[in-house]
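Trainee: Below is a structure I'd like to ask you about.
The values are calculated or read from the model by the stated rules, or taken from the named source; none is laboratory data. Being a predicted model, the structure only gives us computed values, none of them experimental. Ideal geometry is used to build each Cβ from the backbone, glycine not excepted, and the neighbour counts take in all protein chains shown.
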Amino acid sequence: MGEQIAEYLLAVLREALSNVVRHSHATRAEVSIEVADRLLTLTITDNGVGVGEGGRRSGLRNIEERAGRLGGAAELEAPQEGGTRLRWNAPL
């Protein structure tokens, strides 16, 4: 299971950073990975334009599906200060 989590983590990180580069018009992105209480959490925050309405969602759907396959979750937020925050987690 550890190898699958690592594989999914890298795929989600690539997809999320690709979305930042292609869509957000951000000048900054922060990535953090935390392990606490047997839960791995990846957080990516950017200072871009935020998530627009409509448009293709295949990348985000893939991110959510990878979390679900591992018994985790993915959440996309619009922080009060602007930009986008993605939190992706999986139990260890």
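Trainee: Need at least 1 residues that are of a type in the set (D, E, K, R) and modelled with pLDDT under 95 per element, so show me which strands (runs of 3 or more DSSP E) inside region 28-92 make the cut, counting only ones lying wholly within it. Before the answer, list the steps.
Mentor: Details: elements: 29-36, 39-46, 73-77, 84-91.
Once the strands (runs of 3 or more DSSP E) in region 28-92 are filtered for at least 1 residues that are of a type in the set (D, E, K, R) and modelled with pLDDT under 95, what remains is 73-77.
Trainee: Separate question: Hey, Gln80 hits all of (1) surrounded by 12 or more Cβ atoms within 10 Å (Cβ to Cβ); (2) without any contact (Cβ under 8 Å) to a residue 12 or more places away in the chain but one; which does it fall short on?
Mentor: Against the list (1) surrounded by 12 or more Cβ atoms within 10 Å (Cβ to Cβ); (2) without any contact (Cβ under 8 Å) to a residue 12 or more places away in the chain, Gln80 comes up short only on (1).
Trainee: So which residues in region 1-19 are without any contact (Cβ under 8 Å) to a residue 40 or more places away in the chain and either surrounded by 12 or more Cβ atoms within 10 Å (Cβ to Cβ) or within 15 Å of the chain's Cα centre (by Cα) (or both)?
Mentor: Ala6, Glu7, Leu10, Leu13, Arg14, Leu17
Trainee: Just a yes or no: is a residue in region 25-34 touching a residue at least 40 places away in the same chain (Cβ under 8 Å) and either surrounded by 13 or more Cβ atoms within 10 Å (Cβ to Cβ) or of a type outside the set (Gly, Ala, Ser) (or both)?
Mentor: Yes, that holds for at least one residue.
Trainee: Looking at region 12-24, can you tell me whether even one residue there is under 15 Å from Pro91 (Cβ atoms) and not aliphatic (A, V, I, L, M)?
Mentor: No, region 12-24 contains no residue that is under 15 Å from Pro91 (Cβ atoms) and not aliphatic (A, V, I, L, M).
Trainee: Now for a separate question. What residue, of Glu64, Glu34, is over 11 Å from the mean Cα position of the chain (by Cα), closer than 21 Å to Ala11 by Cβ and among the acidic types (Asp, Glu)? If you could, list the steps in order and put the result at the bottom.
Mentor: Values: Glu64 fails: over 11 Å from the mean Cα position of the chain (by Cα).
On inspection, the qualifying residue turns out to be Glu34.
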